[in-house]
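A short write-up of the structure that comes next.
The values are calculated or read from the model by the stated rules, or taken from the named source; none is laboratory data. None of the values given here were measured: they were computed from a predicted structure. Cβ atoms come from the backbone with ideal geometry, glycine included; neighbour counts cover every protein chain shown. Just so you know, the surface numbers come from the protein's heavy atoms only, side chains and all, with ligands and any DNA or RNA stripped out. Shrake-Rupley method; radii C 1.70, N 1.55, O 1.52, S 1.80 Å.
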Amino acid sequence: MFLVALPLAVRLERLDKNLATTDIPLLSDLGHCGRTLQAVGQASAKISLIALTLIPTSYSGIYLPWTIRAYSWCLSRDPELRLVAWSLFPAFCFHTDKQGNDGYTGLTEKPRITVDDPAKLLEVVAYAIGFVSCARAGSLRVALKDCPQNEELDEMDSDEESNQGKNSQDVFGVLWNALGGASVDIIAVCSMYSCTKCDCQQSNTIVPAADARQEVTLSDWLPYWFIASSRQHEAGSARFVRNSCRFVRHAPPEEIALKTSPLGQGIIRRLSSSNREIRMAARDAIVSYSQVLPGDSSAVTQTKQANQVETMRIMGKLEHDLHGPSIVVEALALVAGSIGEIAQMTGDAMRSVLPFLVRHYCSANVFLRAVAMEQLLAVSQAQQVPLAQLLLHFAGSIASTLAATLEHRTPGAPFMQCMQMLGTTAPAFLGQFQAEIVADLFIWGNDTALKAVAGILDVRLPVVCVDQAASIFSRIFLMDEQLMQQAMARFVSLLSAESEMDQAQIEVNIPGLLRSCSVKLIFNLVLALGEEALVMRQRARSAVATVRCILDGSSEVAGSQGMADIVQANSDVGAESSELSAFMSRHILGVLAYMNELLREPGAASQGEHRRKQGVRAVGGLIELLGEQTARHTSNVVATLTPALSGPLAASALDAWVVLAETLQAVKLSADQVNALLVPLLGAFIAADTDRPAIAQALDRVVALHRSAIKKHFAHMCPVPEHPLLATSRTVMHKLGKR
């Protein structure tokens, strides 16, 4: 055993005396000693564990193959030995053999940990396993000098008097004393780990920096998830959940999408735990899915930004399903605040964060109001924007949330304080965002707040609803059939009841209402064609067909049931419908006018990137509805899509462009129409930087689809410049010119 312990002893002595590095003697005997580890006593085994774990990484390829089996044995035998083995496990896993396999991968049998193991062992495992992922990713640091104070480790052994001051001493002394037979101080040993990617602080290291290794799949850690879900060992559960941040930061890019991550879904469920420490740990872990780090690629950054939006969506659903106490909602508010701190000011996540926090700031619960305001101030500070200016920038996003608080007989102080911060009055604010407010309150079923809004605006409720009929109808038509029927009946009832109260007989004529707001209504439904969810796109197509039937007079509406019958009849309408194509052709100019306002007007940035991408995708859906009728409006469609060919909307615009080219394939195009398809792509290619490959692929597709038209009008075609990415299109054009 002396030969096994010698490498560490020599290494520690060098660090202590600052001696020069020389070759370690007798290293070739390590293989024999590793094989005989199972036969030695417990004290000698501890010494050997230290030696086998902290041997210099330059000798990993020699000793690792012989020690894997022995280390696996130590991880599952004597309880005290297991504590030592697990506390040193991250350092052991940092080593790699000659084939590049790390210590964890080489274990023939994975460590056997069960819920029946001692609580202290599970805590050590929960703490160490996070650093195992850091080790396997090649970013672990093992510090023997000046280890930082770690409150989390203090709590791990808080019942022992000897714990006081442990983390302030050198781990060097702890391990040196252990070589002499003293017991191993587990808390001190655990304090020596850090990660260059996960942790900001770094210390003196004995493990040299390794080259970046491949990412560690999240599925490797699922066998340990029972620690996080255990109700018997809540301290270990909280520690494991918190260390899940390390799993996420070292995971492959394709595994960090929150929608498809089993680990992420499990962490989200911990947000509703009755233990606050677990809830706070879950907050830190779930935010790690969304935190953009220096060095993240553009693809990873986009995934994490999508995770921010997904986190807010899940939290809204979680809050609705749980009807949880304020202590659970507090955790959700803290997550929302953390997302707001790391989100981009112009990103879509902020449009969910602020309404969430504002809603709780306006609640009757004083505790939640304080938490929400604290998080609003934190978001304001992180974004470096005064709170009043932040709320004003996202006034449209929080308008409906604020209006919903008017369901109380007297507007509460939070609502009036928000009006003061925004520097406006209630009538001016509600009037500015009337369309969104009225539609949202109606869909939410908050008739009391609707009446309050009408009262503040000093307008009769039927008039308010009729004025915003386009927004209300578009929301109703996008519901499923049963809910749509109920909502339509409620809308008619609301208008009729209010008219009777005002002693004014108003006949609710649905076709008449639809005609009065047809252009805006059709635009809203076309915009829904750009939704990511297939079911919403199908509903939007059905809704457009329904509106066509009503406006063209081909179907009569007899109450809400008649409306439902028309929707059912148009639920399977296809893009090839000639009646629908002709209908959309008559309304396309008005729709594109609204679309241009969404995409390019001075206020376009305030619409949010997600909504603008939806608008560009919707143009592709509109083209499919138009079919060959698109040829008559090629220049208008191209004019709408061209500005979107650069920047964050480029990918969606190129997809819509290809749809346009495919739709026009069967149409005999003029030279001007063919050039309209080619010239904007060439201009975008020349001006682009990162999007050039995608633009070149779209150009190749357009040229391939319209070979006949290009050949016919070749003398009038725009030339394709010389560039490696444009070689395919240029070759095809050259061949067509020779024929």
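Scanning the stretch 314-341 for residues that are among the charged types (D, E, K, R) and touching a helix residue (DSSP H, G or I) at 6+ places or on another chain (Cβ under 7 Å) returns E319, E330, E341. Taken over the stretch 411-446, the residue count meeting the criterion of being over 23 Å from I476 (Cβ atoms), surrounded by fewer than 19 Cβ atoms within 10 Å (Cβ to Cβ) and of a type in the set (A, V, I, L, M, F, W, C) is 6. For the criterion of being surrounded by 13 or more Cβ atoms within 10 Å (Cβ to Cβ), part of a helix (DSSP H, G or I), β-branched (V, I, T) and modelled with pLDDT under 85, I566 passes.
For first residues located in the stretch 511-529 and hydroxyl-bearing (S, T, Y), partners that are in a helix (DSSP H, G or I) and lie 6+ apart or on another chain with Cβ distances below 9 Å form the pairs S516/V466; S516/A469; S516/A470; S518/A470; S518/V547; S518/L551; S518/H587; S518/G590. Can we say S219 is in a helix (DSSP H, G or I), of a type in the set (S, T, Y) and open to solvent by less than 10 Å² (accessible area, probe 1.4 Å)? When the stated conditions are applied, S219 does not pass them. Within the stretch 449-494, the set of residues being under 35 Å from the mean Cα position of the chain (by Cα) and of a type in the set (S, T, N, Q) comprises Q468, S471, S474, Q482, Q485, Q486. Collect the residues in the stretch 447-480 that are part of a helix (DSSP H, G or I), of a type outside the set (A, V, I, L, M) and either closer than 18 Å to V544 by Cβ or open to solvent by 40 Å² or more (accessible area, probe 1.4 Å) (or both), keeping them in residue-number order. Residues satisfying the conditions are D447, T448, K451, G455, D467, S471, F473, S474, R475, F477.
For F473, the stated conditions hold: it is within 25 Å of M536 (Cα to Cα) and of a type in the set (F, W, Y). Could you list, in sequence order, all residues of the stretch 699-739 that are closer than 14 Å to E662 by Cβ and not hydrophobic (A, V, I, L, M, F, W, C)? D700, R701, H706, R707 - these are the residues of the stretch 699-739 that are closer than 14 Å to E662 by Cβ and not hydrophobic (A, V, I, L, M, F, W, C).
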